[in-house]
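Quick notes on the structure that follows.
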Amino acid sequence: MMVRAAGRELKCAMIQFMKAKGDRYGEHESLEKLGVEVHTMGDGFTWDTNDKTQDIKTSEETWALCVDKMRNGDYDLLVFDELLYVLSYGFLDIDAVIAEIRSIREKQPHLHLVLTGRNVDDALAKMIDEADLVTEMREIKHPFNAGIFAQQGIEF
């Protein structure tokens with residue numbers, strides 16, 4: 001969707017909640033060539049967190065950047081990558097996130113938001129009500145389960 005939007009000269013940005021600051025991924029290279037801003041804000045993947053306090057702090061800082069980008073008024077499409085994970089882990093308050101999104105969308109109905117992540121349980125289902133479009137992608141088979149580690153150009 002972001003590639004399509006950038007191809008039509010819409011202003012786009014992606015903010016990644018969990019991928020570690022400073023890490024470079026293949027999508028960064030491609031998107032930046034298309035003029036898409038990419039902000040990698042996380043401390044790394046946190047499925048088995050050792051420091052929940054730090055994860056919450058990082059999530060709050062990343063959400064603050066998301067809010068700044070939404071309020072800016074210059075963007076047509078914003079992707080908040082892994083936000084649903086952050087919400088499912090309780091690192092951010094879902095009701096506060098929804099309230100902020102509603103407030104901004106009232107002033108900027110042209111703004112398209114894409115929220116990614118897994119684990120959309122009953123608590124996160126209300127995020128679906130805020131969406132214009134919902135797509136579910138789920139893993140059926142993955143090389144990692146066969147002992148094959150992340151492959152350059154495929155996973156990163």
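The values are calculated or read from the model by the stated rules, or taken from the named source; none is laboratory data. What you are looking at is a predicted structure, and each value in this text was computed from that prediction instead of being measured. Positions of Cβ are generated from backbone atoms using ideal geometry, with glycine treated the same way; all protein chains shown enter the neighbour counts.
Numbers below:
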| read-out | value |
| --- | --- |
| Residue satisfying condition, being under 21 Å from A131 (Cβ atoms) and touching a residue at least 12 places away in the same chain (Cβ under 8 Å), within set Y25, Y85 | Y85 |
| Search result, residues across the range 3-19 that are hydrophobic (A, V, I, L, M, F, W, C) and farther than 14 Å from E155 by Cβ | V3, A5, A6, L10, C12, A13, M14, I15, F17 |
| Any hit, the range 86-96, residues being over 28 Å from L34 (Cα atoms) and in contact with a Gly (Cβ under 9 Å, 6 or more places away or on another chain) | yes |
| Boolean, D76 is surrounded by fewer than 20 Cβ atoms within 10 Å (Cβ to Cβ) and over 20 Å from D121 (Cα atoms) | yes |
| The range 113-143: number of residues that are surrounded by 10 or more Cβ atoms within 10 Å (Cβ to Cβ), hydrophobic (A, V, I, L, M, F, W, C) and assigned to a loop (DSSP other than H, G, I, E, B) | 5 |
| The one condition in (1) out of contact with any Leu (no Cβ under 7 Å at 6 or more places or on another chain); (2) surrounded by 11 or more Cβ atoms within 10 Å (Cβ to Cβ); (3) more than 18 Å from F17 (Cα to Cα); (4) at pLDDT 80 or above that A146 fails to fulfil | (2) |
